[in-house]
Amino acid sequence: ADALDPASSALVVDVDTHTRADGADGTALEEAIRSSLDRFATEAIHDILDRAAADNGSRGAEGVDAVTHALQQAQVEALVLDARLVDSDSTLIALDAEPWVAAAGDATGEANALAEIPVAEALARAAVLTSASVLVEEDDPGAPDAPREERLVREPRALLRWPEDPPS
């Protein structure tokens, strides 16, 4: 870890386990990896949402309409989707060219509609096609067999590459 650059060193996790010996159990290593990945993902989502909320939210978009509009402008740097959004019946239109996604009735320019697809899929697709990162926010159930907490689906949120209303 000492030979790594600081950004890589921050990702190193020491696990005191012996997985190469005959009969060794890799469970501790697997749990350490799972825990580290969960922690890194949670930290990344918090960082994105904090940055989006800074300066009175000028670099953030929230809700399907606002995030769709920002994606149509290739303005999204990072998109955060609630894992429960996959259960939504809402749809958007996937396009074959920029702006890549549209709501019913939106102007699409020269782009043609490919299909009406679930909103989570449409937003993630448009984000990837515009070089934005996509993070999925999952609930931590606390225990492997714990029931999922009842709550409403969180609206999609995005960190914007530039403020919605750039200074003139």
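General remarks:
- Looking at Ala53, Ala103, just one residue is of a type in the set (Gly, Ala, Ser), in contact with a Leu (Cβ under 9 Å, 6 or more places away or on another chain) and within 26 Å of Arg151 (Cα to Cα), and that residue is Ala103.
- Of all residues in the range 33-59, those that are of a type in the set (Lys, Arg) have Cβ atoms under 9 Å from Cβ atoms of residues that are open to solvent by less than 80 Å² (accessible area, probe 1.4 Å) and assigned to a helix (DSSP H, G or I), 6 or more apart or on another chain, in Arg59/Ala52; Arg59/Ala53.
- Comparison of Ala7, Ala78 shows that the only residue that is farther than 17 Å from Val136 by Cβ and not acidic (Asp, Glu) is Ala7.
- Near pairs, Cβ below 7 angstrom, 6+ apart or cross-chain, from the range 121-149 (under 28 Å from Val76 (Cβ atoms)) to any residue that is modelled with pLDDT under 95 and open to solvent by 100 Å² or more (accessible area, probe 1.4 Å): Asp139/Arg148; Asp139/Glu149
- Some residue of the range 140-159 being open to solvent by less than 70 Å² (accessible area, probe 1.4 Å), under 20 Å from His46 (Cβ atoms), not in a loop (DSSP other than H, G, I, E, B) and not basic (Lys, Arg): yes
- Residue within the range 112-129 that is in a loop (DSSP other than H, G, I, E, B) and either out of contact with any Phe, Trp or Tyr (no Cβ under 8 Å at 6 or more places or on another chain) or at positive phi (or both) present: yes
- Taking the listed residues Ala111, Ala115, the one that is modelled with pLDDT of 95 or more and surrounded by 15 or more Cβ atoms within 10 Å (Cβ to Cβ) is Ala111, with no other qualifying.
The values are calculated or read from the model by the stated rules, or taken from the named source; none is laboratory data. A quick note: this is a predicted structure, and the numbers were derived from the prediction, not measured. Methodologically, a virtual Cβ is constructed for each residue, glycine included, from the backbone with ideal geometry; neighbour enumeration extends over all protein chains shown. Quick note on the areas: whole protein, heavy atoms, side chains included, nothing else; ligands and nucleic acids left out. Shrake-Rupley method; radii C 1.70, N 1.55, O 1.52, S 1.80 Å.
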